[in-house]
Amino acid sequence: RTGCKVVCLDRQGKLLHHDVIYPHEPQRETAKSGALIKALCEQYAIEAIAIGNGTAGRETESFVKSIGLNNKIIVVMVNESGASVYSASEVAREEFPDKDVTVRGAVSIGRRLTDPLAELVKIDPKSIGVGQYQHDVEQTKLKQGLDDVVMSCVNSVGVEVNTASKELLSYVSGLSSSLARNIVEYRNQNGPFKNRESLMKVSRLGEKVFEQAAGFLRIREAENPLDASAVHPESYPIVEQMAADLGCSVKDLMSSAELRKQLDLKKYVTEKVGLPTLTDILSELEKPGRDPRQVFEIFSFTDGVNAISDLKVGMSLPGIVTNVTNFGAFVDIGVHQDGLVHISHLSDKFIKDPKEVVTVQQKVKVTVVEVDVARKRIGLSMKSNPFADQAPSGPSQPRGKKDKPKEKEASMEEKLAMLVSKFKK
C-alpha cells in the first residue's frame, strides 16, 4: 500500500538516490515502476539488486525479474531482520538525519548484501534474531559476547576498508570511533582507497595508529596485491625481495605454491625479523585474508510459492536457515513465515545438538510435513524420507474375527450394579 522503497548505493555503500515505486495493489503502477527501475539501473550502473524478505518481498522479486533487466544484474533476497530497528536508531539518525526511516531501512538492506558484518554490528544483538535466549540473558553480557565474536572476525579475516561502516572499523586495533568516522568521511569525499598508504591522509591518523591498524585493513583489487592480505606494510620489502630472488612478481608469488616451495626462509632472517614472522608471512601469502566465505551463489526460492496458503504437505523446497535453537532450526522458504525443522527431523541419524548439522545462513533442501494456516505454523523436515515413521494410510479393510471392535468398557456404577445382581442371585 505504501509502495516499495528504492535506494541506489555505490560500491562503498554511499547513498546516491532514493525513490518509491508502486508495483502492487492497490495502485499497481507496473509499467511506470518497471521503467523507473530500468532507468536507475542504467544511470547508476547497477550490478546487483537486494530485496528485503518482508512484506511483498517475493512479489517484488518476481516483478523485478519480469521487467527485462540486463542478465548481468543479479537479484537477491536479503534477510531484513533488525533493519527496522536500525532505521529508528541513534546510529541511523546520525548517518541520515534528513531521511525517512523507510529510506534508512532500505539502505541497510542494500548494504547487507555488500558487507553483512559491517551492517549487522550497528544493530542491538537481541534484534538480529539469532539464538534462543537473546531477550532473556543479561544484555550487557550479550553485547560483550557479540563484541568478542566481531573482534575475533576482525583479527582473523580483517576488514574491507572500502565498505566497512564506522561501527565495524572501531573494532580494529588502534582505531577509535572518531578515527573510524574520519576514515568513512574521507572515503565518501575522495572515493575508495586505492592503497594502504593513502590511509595516512586521513585526519588524525598518524604513524603509530597506522602501525597498529594497517595489518587488519584490507583493500581488494588494490594497486599492490599485498594490500589485500594481512602482511604489514613494514614487511612489504621482505616479500618483494623474495619475489626478486625468484625472478617473479609479488602477484605470481602469491598465486603459485611451486614458487613458494623454492623459498629458503632462513635466508631472510635478520635482527628485526625472526623465523616465526617469516613463517606467518608465507602462510598469509598462501591464502591472503583467510576469507572463509565460498564463491557467492545466487539463491532463489521456488517460483509460485509465495504464501503459506501455497504450501502442500510433501512439497520439496529450497530454504535458508535463519536461526538455530536447542530444539531445532528455523528455515526461510520464501513465504514470510519461517518453518521449523524439529531436531528429530534434522538428520537421518540421531543428533544431540542441531549445531552438529546446520548453521545460520546455510542453504538446505526441506520437505513440508505439516501446514497450519490459521496458526501460521509450518513443519519441515530434512530427512531423506520424512514420512517413513508414519503408519500407512489407505482404504479401510473389512474386519476379520480378530479385528472385532472392542466393546465399550462399563462404568464403575454399572460394574457395581452387576456385582449386586450376582450377589442377589
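The values are calculated or read from the model by the stated rules, or taken from the named source; none is laboratory data. Note that the structure is a prediction, hence the values are computed from the model and not measured. Cβ sites come from the backbone with ideal geometry, for glycine too, and all protein chains shown count toward neighbours.
Quick one: would you say S235 is of a type in the set (S, T, Y), surrounded by 15 or more Cβ atoms within 10 Å (Cβ to Cβ), in contact with a Lys or Arg (Cβ under 9 Å, 6 or more places away or on another chain) and under 17 Å from S283 (Cα atoms)? Considered against the rule, which asks whether it is of a type in the set (S, T, Y), surrounded by 15 or more Cβ atoms within 10 Å (Cβ to Cβ), in contact with a Lys or Arg (Cβ under 9 Å, 6 or more places away or on another chain) and under 17 Å from S283 (Cα atoms), S235 comes out as no.
So that you can scan it fast, the table gives a plain yes or no per residue for (1) surrounded by fewer than 18 Cβ atoms within 10 Å (Cβ to Cβ); (2) within 24 Å of A230 (Cβ to Cβ); (3) of a type in the set (V, I, T); (4) in contact with a Leu (Cβ under 9 Å, 6 or more places away or on another chain):
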residue: I123; (1), (2), (3), (4): no, no, yes, no
residue: V154; (1), (2), (3), (4): no, yes, yes, yes
residue: G158; (1), (2), (3), (4): no, yes, no, yes
residue: Y171; (1), (2), (3), (4): no, yes, no, no
residue: V184; (1), (2), (3), (4): no, yes, yes, yes
residue: E197; (1), (2), (3), (4): yes, yes, no, no
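The single condition from (1) within 25 Å of the chain's Cα centre (by Cα); (2) over 22 Å from S81 (Cβ atoms); (3) part of a helix (DSSP H, G or I); (4) of a type outside the set (K, R) that E167 fails is (2). Considering S84, S33, the condition of being buried (at least 16 other Cβ atoms within 10 Å of the Cβ), farther than 25 Å from E297 by Cα and in contact with a Pro (Cβ under 6 Å, 6 or more places away or on another chain) is satisfied by S33 alone. The condition of being on the phi > 0 side of the Ramachandran plot, out of contact with any Phe, Trp or Tyr (no Cβ under 8 Å at 6 or more places or on another chain), of a type in the set (G, A, S) and modelled with pLDDT under 95 holds for only one of G206, G191, that being G191. Residues that are free of Cβ contacts under 8 Å to residues at least 40 places away in the same chain: list the strands (runs of 3 or more DSSP E) wholly contained in the range 248-366 that include at least 2 such residues. Of the strands (runs of 3 or more DSSP E) lying wholly inside the range 248-366, those with at least 2 residues that are free of Cβ contacts under 8 Å to residues at least 40 places away in the same chain span 328-332.
Of all residues in the range 105-162, those that are touching a residue at least 40 places away in the same chain (Cβ under 8 Å) and in a loop (DSSP other than H, G, I, E, B) total 13.
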